Amino acid sequence: MKETKHAHIIYVNYLTPDGKEMSVGGIQTYISNLVPLLEERGYRVTIYQKSSQPFEREMGALIVKGIPTKQVRGPKVGAALFKDCEEHFDRDKDLLIFGCDNYICDTKGIPFIAVQHGITWDKPIYSRPTYWLFKKFYRAVDTVRRVEKADMLVCVDNNFINWYRATVAKPTIRLIGIPNFSSIAPVMFKDDNGPVRIIFARRFFDYRGTRIFGEAVSRLIEEGADIHVTLAGEGPDEAWLRVKIGANPNVEFTRYASDESLAVHADKHIAVVPTKGSEGTSLSLLEAMSAQCAVIGTNVGGITDIIIDRYNGRLVSPDADSLYKALKELVEDKELRKRLAAKGYDTVKEAFSKEKWQVAWREVFSEFERFKDKKHSENK
């Protein structure tokens, strides 16, 4: 009988700390889509995460293990999770993956793949600028030191790859670009009668663009634009948004599960992703394009890998005035809106489909298994 081989994934919060529910986030969605590809190759998958108390939960063929890490903070969390993983790791046949590069640690010679989800330290800071300059510099240096431990680093955007090459004198790790993906929706009919329907489907954080979006929409409302605005999400800026634009009857707030994204976007004409920092190849943006919305994104992080301005969307600076002008143009120009939506849909279908993402990851696994086998033979 063929022995079982295991894939061990380290990520801090796949489930909630009590292990009872899925956590919400793009990385969790990413890992959930990675698991079937590993199972396809014959791996039994275990995810190691931090928790409030020990647990081991079976989710079909997947096992999620909760490791209490109350006394551990920052990068040491990854080391604490790896310590448990190492006890169950077979160096001859098992596979190690860090689901996010933030938790890479010393693996004592075990080769591994890590996923880099985009530059996170580019968010604007408006207080104590000198302090934050040094803090950003430290984050960048720490990232370089950490990712150089990886044997293969899968990056979701070219922004990080280009930054890394420009920063490091002699890159030594294998950098592989695999952008994020979206399921492809069927062609949808968009009813153009009535108001232009705009959606902001993000977590409600300032760095995700809540305030520049609120300012831009407020101007449109004051001008009497015929629009209906949906804010789909939750977060600390919800109170600010409700005060700024929530009293208007044409503004609604809602929430949705990650697998409902295409349905939430289905009747919308324009989707806005006005992030100010910490963005890879945005899942929200790709899903909006798949749902045939005309999209407006900011020239931040991996968004620039997706949008070519005025070809498949609008790409603007992350400020309220630029966003207002782009929104106003698309609200008033139905033909431009339709053309950008159609080109956006074609872009996702041809370049960012889930099937293309799966093919790219299968190639990564094949290459890494050959590399690992060769390294193991050399060490015998």
Original post:
What residue, of 374, 349, 338, 343, is basic (Lys, Arg), assigned to a helix (DSSP H, G or I), touching a residue at least 24 places away in the same chain (Cβ under 8 Å) and farther than 29 Å from residue 226 by Cα?
Top reply: 349
Original post:
Hey, among 304, 281, which residue is farther than 13 Å from residue 182 by Cβ and not hydrophobic (A, V, I, L, M, F, W, C)?
Top reply: 304
Original post:
Are there any strands (runs of 3 or more DSSP E) wholly within segment 1-111 with 3 or more residues that are β-branched (Val, Ile, Thr), and if so which?
Top reply: 43-51, 62-68
Subject >> Residue under evaluation residue 312, criteria (1) touching a Lys or Arg at 6+ places or on another chain (Cβ under 9 Å); (2) crowded, with 21+ Cβ neighbours inside 10 Å; (3) at negative phi; (4) in contact (Cβ under 8 Å) with a residue 40 or more places away in the chain, criterion not met >> reply: (4)
Original post:
Tally time: how many residues in segment 249-280 are over 25 Å from the mean Cα position of the chain (by Cα) and part of a loop (DSSP other than H, G, I, E, B)?
Top reply: 2
Original post:
Restricting segment 178-210 to residues that are of a type outside the set (A, V, I, L, M), part of a strand (DSSP E or B) and open to solvent by less than 50 Å² (accessible area, probe 1.4 Å), which is farthest from residue 294 (Cα to Cα)?
Top reply: 182
**OP:** Quickly run through segment 138-158 and pick out the residues that are surrounded by 12 or more Cβ atoms within 10 Å (Cβ to Cβ) and part of a helix (DSSP H, G or I).
**Re:** 139, 140, 142, 143, 144, 146, 147, 158
Original post:
Filtering segment 281-299 down to residues that are in contact (Cβ under 8 Å) with a residue 24 or more places away in the chain and open to solvent by 10 Å² or more (accessible area, probe 1.4 Å), which residue is farthest from residue 262 (Cα to Cα)?
Top reply: 283
Subject >> Among the residues listed as 125, 161, the single one being without any contact (Cβ under 8 Å) to a residue 24 or more places away in the chain, under 19 Å from residue 26 (Cβ atoms) and surrounded by fewer than 19 Cβ atoms within 10 Å (Cβ to Cβ) >> reply: 161
**OP:** Just need a number here: residues in segment 52-79 that are in contact (Cβ under 8 Å) with a residue 24 or more places away in the chain, open to solvent by 30 Å² or more (accessible area, probe 1.4 Å), in contact with a strand residue (DSSP E or B) (Cβ under 7 Å, 6 or more places away or on another chain) and of a type in the set (A, V, I, L, M, F, W, C).
**Re:** 1
Original post:
Does any residue in segment 129-145 that is within 14 Å of residue 102 (Cα to Cα) come within less than 9 Å, Cβ to Cβ, of a residue that is among the aliphatic types (A, V, I, L, M) six or more places away or on a different chain, and which pairs are these?
Top reply: 140/119; 143/119; 144/168
Original post:
Mind checking whether some residue in segment 236-248 is open to solvent by 10 Å² or more (accessible area, probe 1.4 Å), charged (D, E, K, R), in a helix (DSSP H, G or I) and within 25 Å of residue 300 (Cβ to Cβ)?
Top reply: yes
Original post:
Looking at 67, 97, which is the one that is within 22 Å of the chain's Cα centre (by Cα) and not aromatic (Phe, Trp, Tyr)?
Top reply: 97
Original post:
Among the residues of segment 159-177, which ones are of a type in the set (A, V, I, L, M), at pLDDT 95 or above and part of a helix (DSSP H, G or I)?
Top reply: 161
Original post:
Which one is nearest to residue 358 (Cα to Cα), of the residues in segment 172-195 that are in contact (Cβ under 8 Å) with a residue 40 or more places away in the chain, of a type in the set (Val, Ile, Thr) and in contact with a strand residue (DSSP E or B) (Cβ under 8 Å, 6 or more places away or on another chain)?
Top reply: 178
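The values are calculated or read from the model by the stated rules, or taken from the named source; none is laboratory data. None of the values given here were measured: they were computed from a predicted structure. Neighbour counts are summed over all protein chains in view; Cβ atoms, including those assigned to glycine, are modelled from backbone coordinates with ideal geometry. The area values use the complete protein model at the heavy-atom level, side chains included, leaving out ligands, DNA and RNA. Shrake-Rupley method; radii C 1.70, N 1.55, O 1.52, S 1.80 Å.
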